[in-house]
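Comments concern the structure below.
None of the figures in this text is laboratory data; all of them are computed from the coordinates on show. Predicted model only: the values in this text are computed from it and were never measured. Quick reminder, even Gly has a Cβ in these numbers, built from the backbone with ideal geometry, and neighbours come from all protein chains shown.
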Amino acid sequence: MGKRIIQQRRGRGTSTYRASKRAFRYKIGYPRHLEGEGTVIRLFNSAAHTSPLAKIKYSKGTFYIPAFNGMVEGQKIKFGESVEKGNILKLKDIPIKTMIYNIESRPGDGGKFIRTGGNSAEMSKTVGEKVFLWMPSKKEKKFNPNCRATIGEIAGSGRLDKPILKAGKQYHIKKAKSKLWPRTSAVKMNAIDHPFGSGRGKRIKSKIAKRNAPPGRKVGLLRPKQTGKRK
């Protein structure tokens, strides 16, 4: 009797291959209407994020943002005022060369870009009604000047400095977020475990699965726009 291959197991959506819902109970983002100032009432770690999170209390409630490098509990955060670490401003009010993070993709969405530990973007220039930022990928990206961002650099920059010396440590890191690890090459598997498996017919090149193939057979290149070597 056959068994489900790993693609089928992952597609089924069991808890083995899904991150815990509890890890994502803190939603990062800015409230739609921010005015006045807020206070950092708590700094804590979140299993779903690579940086510490800060709980900010303001006149209409609370919200969560990634903590910046040097943030302390009890610190005051101003909205739309001076350019200081932790303050939340619109891009059009931030000077050139300022480091920022948690940037909105469109005004009011709460922040979509630069949210991982140690990251930051840099204000590059303003051209007409667009603001350009230098992203961590060393590329410029344009934004609406009314998008909001937080001044500073996200905390947790040293998380990748310490090398992973044992496979066991990597195992626990991946298990915390339900990542598939270690990943075995398909051609090294047995025939029962993968369509590319077994020692016979090892022609290690991309195979094209049919559009209506079942989940266990839909592996390799799926409806590729181009196959073969580019000339």
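For the reader, a short list of remarks on this structure follows.
- Principal-axis tilt of helix 167-176 within the chain, Cα atoms, nearest 10 degrees: 70
- Mean-position separation - Cα centroids, segment 17-80 and segment 83-103, in angstrom: 17
- Note on segment 19-159: Cα-Cα pairs beyond 28 Å make up 12% of the total pair count.
- Modelled FRET efficiency - R0 35 Å, Thr184 with Ser46, Cβ distances, 0.05 increments: 0.70
- Amide H partners (placed H, <5 Å) of Ala155, local residues excluded: Ala67, Phe68, Asn69, Gly118
- Above-threshold pairs, the threshold being 26 Å between Cα atoms, out of Lys27/Lys76; Lys90/Lys177; Lys78/Lys177; Lys76/Lys138; Lys97/Lys139: Lys90/Lys177; Lys78/Lys177; Lys76/Lys138
- Virtual paramagnetic centre 7 Å along Cα→Cβ of Glu129, amide N under 20 Å, in segment 82-118: 90-94, 104-109
- Among the trypsin sites (Lys or Arg not before Pro) in segment 147-180, those located in a DSSP loop and surrounded by at most 10 other Cβ atoms within 10 Å of their own Cβ are Lys166.
- For segment 32-37, putting each phi into the Karplus relation 6.51 cos²θ - 1.76 cosθ + 1.60 with θ = phi - 60° gives couplings of 5, 10, 10, 8, x, 8 Hz, in residue order, rounded to whole numbers and with x for Gly and Pro.
- Report note on the peptides 18-26, 83-91: ranked by the mean count of other C-beta atoms within 10 Å, highest first, their order is 83-91, 18-26.
- Approximate shape of segment 16-71 as ellipsoid semi-axes (Cα gyration tensor, √5λ), whole Å, largest first: 24, 13, 8
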